[in-house]
Every structure is written in C-alpha cells, then in structure tokens.
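Written below as structure tokens is the structure these notes are about.
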Amino acid sequence: MRSSWIKGKPPVEASPHSASELLLVEDEMTDTEDNEEEDLGVMDDQRSVILHLISQLKLGMDLTRVVLPTFILEKRSLLEMYANFMAHPDLFLSIAAGATPEERIICFVEYYLTAFHEGRKGAVAKKPYNPIIGETFHCSWDVPKDKVKAFRTNGASTVSKDSAKELGQDQSTCYKLRFVAEQVSHHPPVSCFYCECKEKKMCVNAHIWTKSKFMGMSIGVSMVGEGVLHLLEHEEEYVFTLPSAYARSILTIPWVELGGKVNISCARTGYSATVTFHTKPFYGGKVHRVTAEVKHNPTNTIVCKAQGEWNGTLEFTYSNGDTKVIDTTRLPVMRKKIRPIANQGPLESRRVMVSKLRYWKTGMDIVASACCSPVWCPAALGCGRAVLSQPPLLSPLGRRLWQHVTNSLKEGNIDAATEHKHRLEERQRAEERQRAALTTPWKPKYFAKEVLGSLLV
C-alpha cells in the first residue's frame, strides 16, 4: 500500500509582495562564515544539567520532543549541514563524466565516502539547530569546468585546501550547482533537499526523517529515508540511503561516529554498492572505519573495494588491480555562495532560485522527487513529472532565522542563546495551535505531497 502527495500547481499570479521575494543568483556572495566548533570541555555546571536530563530519560526513549540544553548546539541549522555534504561539488559533478555505468557508480561511491567529513564541524559532538517547519536553506556553487572529470583520473586528492580558495569564479568557465532544503514536517521531523546542475543534466533529491533515541551514555540518530541521484543524460537513477550518527561519551567530551550499512543501487545498469560504517568496538579497535564494495549484480562481479576512515584516508582497489588513495583532509573545500542575511527572508537558514519540488510517501518512508527546469526536466524524457512554469518565491527562514541564536553562541552568552531559541520554538508552537484550530494543514513551499497508492499509512 503506497501513498503520495500530488505536486501543487505553480501560482497563476504572483503575490503582491512577490517582486521583492524573488531569488536572484546575482545577489549571492561567497560564504565567509567559519563556524568551527570549540571543545565543550567538562564544566561542572554543564555536567549537572546533562545528569539532570539523563535522570528523566529511559533507554530507547525517543528524543524528538525533548528540549536539549543550548550549550550543546553548533552554530548552524540541520538544513545547512546537509548543504555541507556538497563541499566537494567538483567530485559530485564528476560522477556524470564517467564513460561507462561501472565508472559512474564507482565515481558516486568515491564521492559519497568523501562527503561526510565536512558535514561535521570539529571532532566534538554538537547538535545542529532543529529546523522549524517551513524553514529553508538556499545556496549555490560555481564549479570550475576544468575541475570536473572522471574521478579515477582526477588529481583532486593532491590539491591543497589553500588552493581551493584560488579556484576561478568566471561564470563562463564554471558550472552552476544549486541547492535548496526545506523542513516539510515538524512531527515527525522530516527534511527534504534538492541539488541540481542544469549544464551537467544531473540532480539529487532526498528526504530525511531524523529519529533520535537515548542509549545510556550515547545518543543515536537514525537517518530514515533515502535519496535519488538522477543522471538524465544516461537515464540512470541511483537510490541511496544514509548512515546513523551517534554522540558518544555525553557525560565527558562527546564525540561523533557514524554507523550502519547503507546501500546504493541503479536498477537500469544492475550495479549496486554496499557501504558499511563501523562503530568502535567496546574494547580496542579503530574509530571512523568504513568499508565498501561495488558489484555488478548480473555477473556477480566485484568491481571495486574501499576501506579506510570516512574523515581520514580512504584506499580504493579496482578490478583491474589499480589502487588509489584519497586523503579527505587534503581535499579542497569549495565555499558555497549565499545571499547576505540582510537580503534573506525571515524563515531562511540562508537561500537561491530553484525549481518546484515534490516528495511522496511510501509506507512510512517519504521520498523526494525532483521537478527540474523545463529545458531538461525528466518530463521531457517521458517520466511524466510536472514542470514548473515560473520560479518559486522566497520563504521566510534560514541563517537569518537563527542569527540571534548564532551570535549569542559566538559571544558565549548561553542564556541569551537559550532565550532566542525559546522564542522561535514558542512561535512555532503558537502557529501549530492556530493551524489546528483552523484545521489548516501546513503546506510546504518547495515540496508537495502526493499519493502513490490507495491508502495513506
């Protein structure tokens, strides 16, 4: 039994204030924010707060509705953290440069394994802001075309981080990669994000339901959902899942590790990959270990194996005997471009003009699906998806939404940060009560629900 939400039609007329809300890529500037997280330390007052919180929890308890102390927050929204998975956009765009299905899935696995280290800000486990419903985050990257090539022949692993700052930004020599994320549900907390490069005819879309639970001296967060990478030129779709995250040693100096088995598969080509993030054994063992295996299922042939650390060195071995080592700490991080906070809407984590999106629900899973630009939308390839006839308007959330919380955390003023965070949460609760009283369901801005079957589970 499958269910979905039908994508809403674009408005026939713009709202009276839409002219000032249209997203202009020209307004974007290179992000100069550097929110490296500092060590939490082991302050007695912080430990007492955590101990008091733990005393009220039970093993396996869902933490979705539990208010956590402000001092454990990192200075960005969860939606922006998802954007940071695209910190190596040149490697992402290189997937489409693979000459064969085997090369393309290997390139995807290589990109996938290098995507997580920049998603974490420092070694200390801190929690991103919980996005409030309707919150959005927009950004883009200008990716030099000479950096986009098949990864197996790419010299990206030898480029220093400093040199990344010197990468050319001439629009005529760059691909434009655009990203948008939106919090489409509060309970359960579901985020959708979409990223596209029109010139490379590729896009990725995903939904993530973050389910957190108390595990004694750890907190576990399951990333329920999946993403789909569309390579339109090759008519290929790669479905992938995400690992769980764990905050360990929450009473001392908390640290993060990833764990679980994820899958990547392309039904059209018959290739699939299994990636295993290994959690540290109780006694001994290494941290942050990851292994991967790429297989051609029709012939049951393993074409690539990988091992190493997702935030360190990765070694790839190919079926022809070749090997390659990628040091994630030396990969160039390409800074995203965002609009200045003063130009953002009131609900923006930060923001860029993108196409209308949709997501559907299958059983208990919500899956995002892209409606790309009219020129190269999958609808043109016969998939039947709708095409947006005009760009969406801005929504009122993002970095601007959290700016007072972020500034207070930077100043070390935890009380002020807590007060600003409380005001945002109370506003969200008030709006929820108002919608409930008027029996008006929340309507996302960039994603619309559709039903794929007879029953909505």
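The values are calculated or read from the model by the stated rules, or taken from the named source; none is laboratory data. This is a predicted model, so every value here is computed, not measured. In this analysis, Cβ positions are derived from the backbone assuming ideal geometry, glycine residues included, and neighbour counts consider all displayed protein chains. What goes into the accessible areas is simple: the full protein's heavy atoms, side chains included, and nothing from ligands, DNA or RNA. Shrake-Rupley method; radii C 1.70, N 1.55, O 1.52, S 1.80 Å.
Numerical summary
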{"item": "Area of F214 that stays accessible when all protein chains are in place (1.4 Å probe, Å², to 10)", "result": "10 Å²"}
{"item": "K213, K286, K147, K421, ranked by accessible area, largest first (probe 1.4 Å)", "result": "K286, K213, K147, K421"}
{"item": "Accessible-area value, S172, 1.4 Å probe, nucleic acids and ligands omitted, Å²", "result": "80 Å²"}
{"item": "Inter-probe distance in nm under a simple model that places probes 7 Å from Cα toward Cβ, at D62 and Q434", "result": "2.7 nm"}
{"item": "Solvent-accessible surface (1.4 angstrom probe) belonging to K280, in square angstrom, nearest 10", "result": "70 Å²"}
{"item": "Set K149/K280; K75/K211; K145/K336; K295/K324 screened for pairs whose C-alpha atoms are more than 26 Å apart", "result": "K149/K280"}
{"item": "Accessible surface, 1.4 Å probe, highest first, among residues W209, W442", "result": "W442, W209"}
{"item": "Segment F282-S319, extension gain: residue separation times 0.36 nm, minus the distance between their alpha carbons", "result": "9.9 nm"}
{"item": "Ranked order, E199, E293 - accessible area, probe 1.4 Å, largest first", "result": "E199, E293"}
